[in-house]
Amino acid sequence: MSLELLGISVLWIFLFGYVIVASIDFGAGFFNAYSLLTGKQHILSKVIKRYLSPVWEITNVFLVFFFVGIVGFFPQTAFYYGTVLLVPMSISLILIAIRGSYYAFEAYGTKKGHKGYALAYGLTGLFIPASLSIVFSISEGGFVNIIESQPILDYGALFTSPLAWSIVVLSIVAVLYISAVFLTWYAKKANDEKASNLMRKYALIWAFPLIISSLGIIIELKSYPNEHFAAMTNLWWMFAISGVLFLATVWLIWARIGHGLAVMLLVLQFAIAFFVYGISHYPYLLYPYLTVYDSFTNKAMAISLVVAFIAGLCLLLPSLYLVLKLFLFNKDYVRGNQDYHA
């Protein structure tokens, strides 16, 4: 395995970790806000807050690792993406800051259950993945023009692109579906049947839009002037496996059995689809200007970064396991018999 492939693989693993952990977090915040607005907070709020309390502070660790790594491994990404993503990423950072602030106000302030705080926290949880997903659209090409040796983002082309909007819709739907499936299991583990049944309903509702939005992206890529769709068709069998896992997850949720297995199949389903997307997009970081080969750092830096990131992953995974064991998999905590103190 080349250093270029190893480097991008390590970064893709961190990005996938962020996608799953953040999706559960973002969706939980939205469902909590929705329950307050619809008068169902007595069903969902306790379960969701028990999940959010120990998790929300560590969600962005994966994202920080990815951004540091992408610039370290591929320095030219700072030149290309640093310019074109100045506005979109600034919006994302502002949303992340607002989300964290409002959660702190709601969780640690004197006034609990504030609808305004909960609503701001929930809505930003949908806007953040929508804004971050723009990167995937831009990487497909057609939105960046090189003018006087400077990359310039064509906002008109971006905001009128069916592909870009398809990716935005998928990012939002995936957040809601992933979170709903996880919280169905989490509420079941807490012996909260009402919350589990409600989240089961939401999971089944968002399953169909997930498939439609995924197919929409594939259809848009088919007519797109790059090599991505052709590469994806060569890996159709892996997408088929992901589809089978999706159907199995939905069936388990519908049949009210194997909720833990459903979560495992969900993660595996998205892992396969996510890595197939990455493999089919390889070696381009920004089509057609930037690949992993012509933007890679020197060998000594690459080896140092790989070692540092693997060491970081070895530290991060046990930490996450400890959080899961102490809180998410702790029956007393999940059932509300034990409090979390930051």
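When you check Glu220 against the structure, is it without any contact (Cβ under 8 Å) to a residue 24 or more places away in the chain and either touching a strand residue (DSSP E or B) at 6+ places or on another chain (Cβ under 7 Å) or not hydrophobic (A, V, I, L, M, F, W, C) (or both), yes or no? No; evaluated as a whole, the condition is false for this residue. Kindly indicate whether Ala240 is in a helix (DSSP H, G or I), over 18 Å from Ala180 (Cβ atoms) and free of Cβ contacts under 8 Å to residues at least 12 places away in the same chain. Yes: the conditions hold for Ala240. Only one of the numbered conditions (1) in contact with a Pro (Cβ under 8 Å, 6 or more places away or on another chain); (2) β-branched (Val, Ile, Thr); (3) within 25 Å of Gly17 (Cα to Cα) is violated by Ile167, and that is (1). On inspection, Leu6 passes the criterion of being assigned to a helix (DSSP H, G or I), in contact (Cβ under 8 Å) with a residue 40 or more places away in the chain, within 27 Å of Tyr277 (Cβ to Cβ) and more than 14 Å from the chain's Cα centre (by Cα). Just the residues that are over 21 Å from the mean Cα position of the chain (by Cα), over 25 Å from Ile212 (Cβ atoms) and touching a residue at least 24 places away in the same chain (Cβ under 8 Å), please, taken from the range 247-283. The one that is over 21 Å from the mean Cα position of the chain (by Cα), over 25 Å from Ile212 (Cβ atoms) and touching a residue at least 24 places away in the same chain (Cβ under 8 Å): Pro283.
From the residues in the range 136-175 that are outside any helix (DSSP H, G or I) and among the aliphatic types (A, V, I, L, M), which one is surrounded by the fewest Cβ atoms within 10 Å (Cβ to Cβ)? Looking at residues that are outside any helix (DSSP H, G or I) and among the aliphatic types (A, V, I, L, M), I get Ile147.
Scanning the range 175-201 for residues that are within 30 Å of Ser137 (Cα to Cα) and touching a Leu at 6+ places or on another chain (Cβ under 6 Å) returns Tyr177, Val181. Of all the criteria given as (1) closer than 18 Å to Phe239 by Cα; (2) without any contact (Cβ under 8 Å) to a residue 12 or more places away in the chain, the one not satisfied by Lys201 is (1). Among the residues making up the range 40-69, those that are at pLDDT 85 or above and either among the charged types (D, E, K, R) or more than 17 Å from the chain's Cα centre (by Cα) (or both) are Val68, Gly69. Taken together, Ala174, Ala187 contain a single residue that is within 18 Å of Pro129 (Cα to Cα) and among the small types (Gly, Ala, Ser), which is Ala174. Taken together, Ile178, Ile205 contain a single residue that is surrounded by fewer than 18 Cβ atoms within 10 Å (Cβ to Cβ) and part of a helix (DSSP H, G or I), which is Ile205. Within the range 114-135, can you find the residues that are among the polar types (S, T, N, Q) and not in a helix (DSSP H, G or I)? Correct list: Ser133 only.
The values are calculated or read from the model by the stated rules, or taken from the named source; none is laboratory data. The structure displayed is predicted, hence computed values, not measured ones. Neighbour counts are summed over all protein chains in view; Cβ atoms, including those assigned to glycine, are modelled from backbone coordinates with ideal geometry.
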